[in-house]
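Since the structure comes first, as structure tokens, the remarks are kept for the end.
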Amino acid sequence: MDKDILILAIESSCDETAAAVVKNGRIVLSNVISSQIALHTLYGGVVPEIASRKHIEKINQVIKEALKEADVTLEEIDAIGVTYGPGLVGALLVGVAEAKAISYAAKKPLVGVHHIEGHISANFIEHKDLEPPFLCLIVSGGHTHLVIVKDYGKYEIIGRTHDDAAGEAFDKVARAIGLGYPGGPKVDKLAREGNKYAISFPRANIADSPYDFSFSGVKSAVLNHLNSCEMKKEEINRADIAASFQEAVVDALVTKTMTAAKDLKLSKVAMAGGVAANSALREAMGAECAKRGITLYYPSPIFCTDNAAMIGAAAYYEFINGTRHGLDLNAVPNLKIGQR
């Protein structure tokens with residue numbers, strides 16, 4: 001395509017209000033994020049109603065900042081990309097309503113984006129050489145998927161969690177050992193001070209589903225260990241618990257990803273989602289990929305957590321493939337990957 005394509009992207013699926021301007025799917029001209037973490041920390045997790053209200057307060061501001069930082073006008077934008085699912089329905093509705101309003105007023109095409117496809121596309125931003133096909137492990141607070149990226153916008157899920165997502169398990173364990181919210185970064189930090197072999201926590205294997213995950217068992221094992229220590233009046237070593245729990249989760253993620261890559265003969269593996277920023281996961285996945293001659297890709301931490309740049313990247317490929325949404329676009333909190 002000869003002409004540069006500029007996407008104004010909006011993301012509001014959970015507790016970050018974000019807007020970005022992305023050129024040709026891989027060049028980020030601006031990426032503005034208004035985080036609500038400090039607010040939700042008071043409650044130990046995201047409160048959907050509060051998140052929605054904050055999105056309403058911030059969304060116009062972040063969009064103006066994104067356009068200003070990119071040094072472009074709305075007239076120069078080629079399309080509006082927006083997350084329409086999955087996520088918190090009230091939060092999604094704020095972004096979708098805003099995108100539809102801008103699309104109508106500015107007479108710009110509207111492109112709805114799947115949030116998880118956005119996470120996958122974050123890898124295109126920093127890895128200009130990455131092209132499909134490849135295997136992607138998506139690990140976040142709400143999702144743990146193994147996906148074959150067959151082409152731009154074409155995905156096949158081959159593995160998923162049967163219960164808790166990896167990030168959800170991190171948050172619950174962090175709360176149980178008194179670390180608070182958000183759990184993932186705090187467990188990662190504390191785990192560096194502990195012995196990851198101190199406690200043997202279980203790794204779940206799903207019968208007839210070699211690429212599927214389950215993390216409720218390891219979470220329950222941590223809670224049982226804590227209860228046992230309290231009953232026996234034994235000292236609770238939080239660092240060892242954090243390190244051993246993290247090791248169990250990372251081992252499961254890496255083992256199943258490597259099994260899938262081998263079985264499917266894929267030489268490129270990517271990671272995406274908030275948990276992809278975990279230092280132990282990056283180290284372990286990197287080591288195993290190196291052993292097998294597999295090239296590993298993952299975004300910088302800022303593009304692992306929710307942001308609009310990744311939505312802009314995904315929207316670009318949807319746009320050039322002809323995807324357009326009407327003003328009847330609605331939020332779909334349980335949107336399935338690949339669903340249109």
Practice problem: Go through (1) more than 30 Å from residue 186 (Cβ to Cβ); (2) at pLDDT below 95; (3) of a type outside the set (Lys, Arg); (4) in contact with a helix residue (DSSP H, G or I) (Cβ under 8 Å, 6 or more places away or on another chain) and name the single condition residue 142 misses. | Solution: (1)
Exercise. Can you tell me which residue among 128, 107 is charged (D, E, K, R), closer than 30 Å to residue 144 by Cβ and either out of contact with any strand residue (DSSP E or B) (no Cβ under 8 Å at 6 or more places or on another chain) or at pLDDT 95 or above (or both)?
Key: 128
Quiz item: Which residues, counting only those in segment 44-55, are in contact (Cβ under 8 Å) with a residue 12 or more places away in the chain and either out of contact with any Ser or Thr (no Cβ under 9 Å at 6 or more places or on another chain) or over 17 Å from residue 97 (Cα atoms) (or both)?
Solution: 44, 45, 46, 48, 49, 50
Self-check item: Neighbours by Cβ (under 8 Å, 6+ apart or cross-chain): first from segment 314-339, outside the structural domain of residue 149 (by TED's automatic domain parsing) and in a loop (DSSP other than H, G, I, E, B); second surrounded by fewer than 18 Cβ atoms within 10 Å (Cβ to Cβ) and of a type in the set (S, T, N, Q)
Solution: 332/339
Practice problem: Go over the candidates 320, 294 one by one and state the one that is under 23 Å from the mean Cα position of the chain (by Cα) and among the β-branched types (Val, Ile, Thr). | Solution: 294
Quiz item: Across segment 269-281, which residue is modelled with the lowest pLDDT among those that are crowded, with 17+ Cβ neighbours inside 10 Å and assigned to a helix (DSSP H, G or I)?
Solution: 274
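Yes or no, residue by residue, for (1) β-branched (Val, Ile, Thr); (2) surrounded by fewer than 22 Cβ atoms within 10 Å (Cβ to Cβ); (3) modelled with pLDDT of 95 or more:
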residue	(1), (2), (3)
45	no, yes, no
64	no, yes, yes
72	yes, yes, yes
83	yes, no, yes
94	yes, no, yes
Exercise. Would you check which residues across segment 229-248 are within 9 Å of residue 201 (Cα to Cα) and in contact with a helix residue (DSSP H, G or I) (Cβ under 6 Å, 6 or more places away or on another chain) and list them?
Key: 245, 248
Exercise. Please enumerate the residues belonging to segment 115-144 that are of a type outside the set (A, V, I, L, M), under 16 Å from residue 296 (Cα atoms) and in a helix (DSSP H, G or I).
Key: 119, 121, 123, 124, 126
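The values are calculated or read from the model by the stated rules, or taken from the named source; none is laboratory data. These numbers come from a predicted model, not from an experiment. Positions of Cβ are generated from backbone atoms using ideal geometry, with glycine treated the same way; all protein chains shown enter the neighbour counts.
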